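Read through the structure below, which is laid out as structure tokens, and then see the notes.
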Ligand SMILES: *Cc1c(COP(=O)(O)O)cnc(C)c1O
């Protein structure tokens, strides 16, 4: 026996999360100039960070010798005002992934279960496995969450249900009607985590007033993030909105300084950068058109998406998908293969700047041509 053999079996069984390939790594591997590489693999904002956030973060650099405000007072006050919730209802996280992890640590234990959809965000099974709890993956319907089947999958042991809307990597959205039906029928003994990481990318007509549901459902937590439309993925700030009692437990479990001072300052400023959010939204809509038109011209099947990315299918066997991915890498384009999502025929591309999307489409056309 060595030390690592004593780690719980459920820890040793965890498959490492595979992030998008960094630009520098690909450039090295392929002998490419890093500046020519286009990374469309991690749903990052192609415009970079909100300029107001950048400014605030640069100023905060001078204060990094001090611990951050562990209560996140200012950011919570701003979120409270923006969303009409009490500050006691807010949990700040080192990215919203941290909030997902806190939910698992507070409500799960060995023998408890969590329900999520097939093809849902990979962090859900990860945080469940870390506790040694049981993960129940419910078959997807047309790539989206089958909320009726997910309701049926709840057992007396189930303590959490994860719902991503829009979901990553499929881009699917659950309707307000279906979500509300789910909330009305799910046991109050089950925490429903509604992950809205891409909320700000939704057209107004598709937005759900999910925050108003918090008043009705003490077992609901809504998670959102500064990583996507606000362009702050690198400084890791996300949050959860929940019943004060739920938030209280989660706040007891979190690391006292889980959100760093640069992130806090950036998020606070980004929240008010309406111009940047609007510009990011508009760029995403235009890029969505550009890419979906491109896919149609190439005869490539794709899943209509409500996020800042599109998932598309390469015809033939899964080996073709790997070949296309490899060819894209050789041409300096990084997208995300979806094998770990049980989607070995698909690839996910993040919507980039107009010329990045164009380079991707040209490279894809070339890669497809190489297959025949
Ligand atoms: C990107 C993403 C997040 C956000 O993660 P952070 O930890 O906030 O960077 C959460 N949920 C889904 C479904 C995502 O795709």
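Each reported figure results from applying straightforward, stated rules to the coordinates on display, with no laboratory input. Predicted model only: the values in this text are computed from it and were never measured. Note that each Cβ is placed from the backbone with ideal geometry, even for glycine, and that neighbours are counted across all protein chains shown.
Here are the numbers for this structure:
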{"item": "For region 248-372: rounded, prolate or oblate by the Cα gyration tensor [a/c cutoff 1.5]", "result": "prolate"}
{"item": "Residue with peak Gaussian network fluctuation, the chain [Cα springs, cutoff 10 Å], from 131, 14, 262", "result": "14"}
{"item": "Residue 27 versus residue 2: modelled label distance in nm, points set 7 Å from Cα along the beta carbon direction", "result": "3.6"}
{"item": "Estimated FRET transfer efficiency when R0 is 45 angstrom, pair residue 245-residue 371 (beta carbons, to 0.05)", "result": "0.20"}
{"item": "The chain: most fluctuating residue of 361, 61, 241 per GNM, C-alpha cutoff 10 Å", "result": "61"}
{"item": "GNM result for the chain, Cα springs below 10 Å: residue of 293, 245, 209 fluctuating most strongly", "result": "209"}
{"item": "Antiparallel content of DSSP bridges confined to the chain, in %, to 5", "result": "50"}
{"item": "Region 62-270: C-alpha gyration tensor shape, a/c 1.5 cut-off, then a/b vs b/c", "result": "prolate"}
{"item": "Of all DSSP beta bridges in region 181-322, antiparallel share, percent nearest 5", "result": "65"}
{"item": "Modelled FRET efficiency - R0 30 Å, residue 155 with residue 209, Cβ distances, 0.05 increments", "result": "0.50"}
{"item": "Relative pair counts by distance (%), Cα atoms of the chain, 20 Å bins", "result": "28, 58, 14"}
{"item": "Beta bridges by DSSP in region 62-270, antiparallel share as percent, to the nearest 5", "result": "35"}
{"item": "Potential lengthening between residue 10 and residue 188 on full extension [0.36 nm per residue; Cα-Cα distance subtracted]", "result": "61.3 nm"}
{"item": "Region 69-178: radius of gyration over Cα atoms, expressed as a fraction of 2.2 N^0.38 Å", "result": "1.18"}
{"item": "Computed lengthening from residue 47 to residue 252, 0.36 nm per intervening residue step minus Cα-Cα distance", "result": "70.2 nm"}
{"item": "In nm, spacing of pseudo-spin labels at residue 317 and residue 36 (7 Å Cα→C-beta vector)", "result": "3.3"}
{"item": "Cα gyration tensor, region 185-236 - rounded (a/c under 1.5), prolate or oblate", "result": "oblate"}
{"item": "Spacing of the two label points (7 Å from each Cα toward its C-beta) at residue 216 and residue 176, in nm", "result": "1.1"}
{"item": "The chain: relative contact order in percent, alpha carbon pairs under 8 Å with at least 6 residues between", "result": "24"}
{"item": "Highest average packing first - 301-312, 330-341, Cβ atoms within 10 Å", "result": "301-312, 330-341"}
